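Shown next, in structure tokens, is the structure this report addresses.
The values are calculated or read from the model by the stated rules, or taken from the named source; none is laboratory data. Since the model is a prediction, treat every value here as computed from it, not as a measurement. Here the Cβ positions follow ideal geometry from the backbone for every residue, glycine too, while neighbour counts run over all protein chains shown.
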């Protein structure tokens, strides 16, 4: 019997050897046997007997592949759970095989109280006030499990508040009685997970569980900025309305970017018919009947709603009911998108359709590998297959084009919120202008000294106040006039020309383009004052010299603006001011016909996959009823999510050494551009040199600083990508991402199995590595040596250490090889692969890890050899041409000096 001890166990390979050994019989009740294990091992776990005397099973997660059930056991005191003191007990074949201990020691004298002074509703009122939620909530108890656990309603939204009486562990290791609350902030993106002191209402711990992938901040504000001088600007050719290989739309047809292509710059839109997987989505994608084959027509939808996701536009950013793409009775979702020069409103249905499609694809694909109902996946109805049953269900809310029309637009990002099982998750996809090239809205006609094109940015005033610059050839041509006004306030000279008050030269401004200085009042007020004086348009110039930020002027409220307004740099503005002092300046304000406006994140399948991946990892780590098990500093959520996105993109022509970048589409770069990560992902370490030491990042002092997540995450993706290609190189690639048998399928299964073994808030690079070892050992350990070398190569060898899982700056790398295990690699199941089968002529024969002499024979049903070929230098894989044979059933024989295999093949 043993307790999992991270790298110490791995140093001796104890985990790998002991894992399959029966430690205790399970003839008695499961809970009794777990208790028996605790009673026999509490001292080895660093606990007192009383520390293991009161606990409850918080959830179970089973893998059909490893046959391991992860039993998540929550420690309690006086019947009250200690928040996130959840140990993970692995059970296989009725035996406890491993325990990842998260129990706290000597708890009896650490609790401050057993009786709350505040009710759950009192705690909710305090929480809403302290996180700044506005409105007039009226709290009530909606559902009651027991006196310690209930669901509350705030009267503002349909989603409920979970409330549970717990003990919160303090920094000084005491137990404070608290109400654990989880709720969405109404009309916002925050998913708050808090512990409110049950005696005084103070916040003891607060986490926003919405994972915001700050791509834009990292790209432009982090340590690894990129040169945009060679940026690619999309042309109409990149967005041609290419017809699909599907000749005619059928019921359930979606014009989208196919899931295994990243974006419109990687593939034309295609009309894809009936993509729903019948195992994962037995009622299809547009049905919310609670039973398989349910017949209620009212629960079948023609728009982008179904059991897995409700996708809709949310330009206002208020999580309300926006535009839902409607395919009509035939479910024909064929909507046009011409390119990033279109206004978002012109292609909203196309955006919503692609988001709906991709979320459903992620649901259906990863269902095959164990992210199913019992493991907490996202479905409105679980069809009696496990998971939490709730009034709302937990299908994903998919918000397309989120927040771009707000006063302060939400741009250049994406996020995913994962509440406890039964609560509805939300993915928010945004528009991007971070890669928008500077637009020459201004052309100076005269004088010759400054004639030419000048870059400017348009405003983002609220809704109807946002007047676009007229498109060529209908631009505004006029003289430029400097807006003059008396200094204000208090005769401040720097406030002259700022248009915060009425002009002193109204007659000069009328019928002209006004030039205005930034500062002292809202941009929209400046434009409105110029408009009232008769200006045709406005140019506002910056006051910050060499400002690295290209501003887009915003506003609050509607002023009735009817003229266009643009913003230029301080340098351009001063040049215009200086020239006006010398004489007349005549210019044209005009938008090019193909003006780049936004890249829509709803068309970036890799980003959608990344965001959905946050939901997968959050649900599989810890019990599904607790989504706060990835709040420790070394957790690699960003790494798993990048990997989820990459795995959806592999194609048969790819090789592991090729550099793969993320985010080139949204940054308006060529497909091989820099992307949003420090290094491209590649098995070539001259391209991606990351090793374990590169995962270190100081713990941030500002909770808003999330950069450390990407430092850790990119290192984890790098090694998972290596592992994926090691598997593909051994077992081949299978384009059937659902039920294939290639190396890509095997590693997808392995990673999900390992995620299920991860205990609450213990995720670290080394513990996750060990779980991959364990998942492999549970199925025979065939690939142990392969896994070991992949990790050793990037500094995660035998003696590598992650230190504390709650410290992202104490990882120590090591390149010591692991002891090799004597595994029986050469089995037919794991070695021989014949594909395609059935075939039309060309058949590929793959013998993993084998190089040498091979004799290949094909025998017909009468026993006659109809094909024979000797290969003296066979190396892993060979293609043979059987097109000369008649259609029928044959037997392929593969003979070497070490083994003989046979495989039935069908020629059609």
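Go over the candidates 403, 384, 398 one by one and state the one that is within 18 Å of residue 189 (Cβ to Cβ) and part of a loop (DSSP other than H, G, I, E, B). Before the answer, list the steps.
Numbers: 384 fails: within 18 Å of residue 189 (Cβ to Cβ); 398 fails: part of a loop (DSSP other than H, G, I, E, B).
Of 403, 384, 398, the one residue that is within 18 Å of residue 189 (Cβ to Cβ) and part of a loop (DSSP other than H, G, I, E, B) is 403.
Exactly one residue out of 681, 731 is closer than 23 Å to residue 800 by Cβ, touching a strand residue (DSSP E or B) at 6+ places or on another chain (Cβ under 7 Å) and buried (at least 18 other Cβ atoms within 10 Å of the Cβ): that is 681. Evaluating residue 23 against the criteria (1) over 22 Å from residue 172 (Cα atoms); (2) at pLDDT 95 or above; (3) in a loop (DSSP other than H, G, I, E, B) leaves one unmet condition, (2). The set of residues in the stretch 492-522 that are crowded, with 18+ Cβ neighbours inside 10 Å, at pLDDT below 95 and assigned to a helix (DSSP H, G or I) contains only 495.
Of all residues in the stretch 102-136, those satisfying the criterion of being in contact with a helix residue (DSSP H, G or I) (Cβ under 9 Å, 6 or more places away or on another chain) and either farther than 30 Å from residue 190 by Cα or modelled with pLDDT of 95 or more (or both) are 103, 104, 105, 106, 107, 108, 116, 118. Residue count for the stretch 532-574, restricted to those that are out of contact with any strand residue (DSSP E or B) (no Cβ under 8 Å at 6 or more places or on another chain) and in a helix (DSSP H, G or I): 2. For the stretch 856-863, the criterion of being exposed (fewer than 13 other Cβ atoms within 10 Å of the Cβ) and outside any loop (DSSP other than H, G, I, E, B) is met by none of the residues.
Among the residues of the stretch 694-711 satisfying the criterion of being without any contact (Cβ under 8 Å) to a residue 40 or more places away in the chain and in contact with a helix residue (DSSP H, G or I) (Cβ under 9 Å, 6 or more places away or on another chain), which is nearest to residue 192 (Cα to Cα)?
Pass one, the stretch 694-711, residues without any contact (Cβ under 8 Å) to a residue 40 or more places away in the chain: 694, 700-705.
Add one more test, that the residue is in contact with a helix residue (DSSP H, G or I) (Cβ under 9 Å, 6 or more places away or on another chain), and what stays is 694, 700.
Values: 694: 31, 700: 20 Å.
Step by step, filter the stretch 694-711, then rank; the result is 700.
Would you check if residue 445 is outside any loop (DSSP other than H, G, I, E, B) and either more than 23 Å from residue 608 (Cα to Cα) or not assigned by the TED database to the domain that holds residue 360 (or both)? Yes, satisfied.
Looking at the stretch 411-427 only, could you name the residues that are in contact with a strand residue (DSSP E or B) (Cβ under 8 Å, 6 or more places away or on another chain) and in a loop (DSSP other than H, G, I, E, B)? Lay out the reasoning, then the answer.
The first filter runs over the stretch 411-427 and keeps only residues in contact with a strand residue (DSSP E or B) (Cβ under 8 Å, 6 or more places away or on another chain), leaving 411-420, 423-427.
Of everything in the stretch 411-427, those that are in contact with a strand residue (DSSP E or B) (Cβ under 8 Å, 6 or more places away or on another chain) and in a loop (DSSP other than H, G, I, E, B) turn out to be 412, 413, 418, 419, 420, 423, 424, 425.
Please verify whether residue 484 is in the same structural domain as residue 583 (by the TED database), more than 14 Å from residue 587 (Cβ to Cβ), over 40 Å from the mean Cα position of the chain (by Cα) and not in a strand (DSSP E or B), treating the condition exactly as stated. Yes; evaluated as a whole, the condition is true for this residue. Put simply, of 658, 668, 632, 586 the only residue that is touching a residue at least 12 places away in the same chain (Cβ under 8 Å), buried (at least 21 other Cβ atoms within 10 Å of the Cβ) and either on the phi < 0 side of the Ramachandran plot or touching a strand residue (DSSP E or B) at 6+ places or on another chain (Cβ under 7 Å) (or both) is 668. Could you please let me know if residue 646 is in contact with a strand residue (DSSP E or B) (Cβ under 7 Å, 6 or more places away or on another chain) and surrounded by 24 or more Cβ atoms within 10 Å (Cβ to Cβ)? So residue 646 fails the test. Scanning the stretch 111-122 for residues that are closer than 14 Å to residue 140 by Cβ, in contact (Cβ under 8 Å) with a residue 40 or more places away in the chain and touching a strand residue (DSSP E or B) at 6+ places or on another chain (Cβ under 8 Å) returns a single hit, 120. Do we have any residue at all in the stretch 371-381 that's over 27 Å from residue 601 (Cα atoms) and either crowded, with 24+ Cβ neighbours inside 10 Å or without any contact (Cβ under 8 Å) to a residue 60 or more places away in the chain (or both)? Within the stretch 371-381 (the criterion being over 27 Å from residue 601 (Cα atoms) and either crowded, with 24+ Cβ neighbours inside 10 Å or without any contact (Cβ under 8 Å) to a residue 60 or more places away in the chain (or both)), the answer is yes, since at least one residue qualifies. Checked against the criterion of being crowded, with 19+ Cβ neighbours inside 10 Å and over 21 Å from residue 614 (Cα atoms), the stretch 714-726 contains one or more residues that satisfy it. Could you say which residue among 829, 877 is out of contact with any strand residue (DSSP E or B) (no Cβ under 7 Å at 6 or more places or on another chain) and either modelled with pLDDT under 90 or assigned to a strand (DSSP E or B) (or both)? Residue meeting the stated conditions: 829. In the stretch 440-453, is there at least one residue being in contact with a helix residue (DSSP H, G or I) (Cβ under 8 Å, 6 or more places away or on another chain), crowded, with 19+ Cβ neighbours inside 10 Å and modelled with pLDDT under 95? The answer is no, given that none of the residues of the stretch 440-453 is in contact with a helix residue (DSSP H, G or I) (Cβ under 8 Å, 6 or more places away or on another chain), crowded, with 19+ Cβ neighbours inside 10 Å and modelled with pLDDT under 95.
Just one residue in the set 318, 241, 307, 237 is under 30 Å from residue 188 (Cβ atoms), at pLDDT below 95 and either outside the structural domain of residue 186 (by the TED database) or not in a loop (DSSP other than H, G, I, E, B) (or both); that residue is 318.
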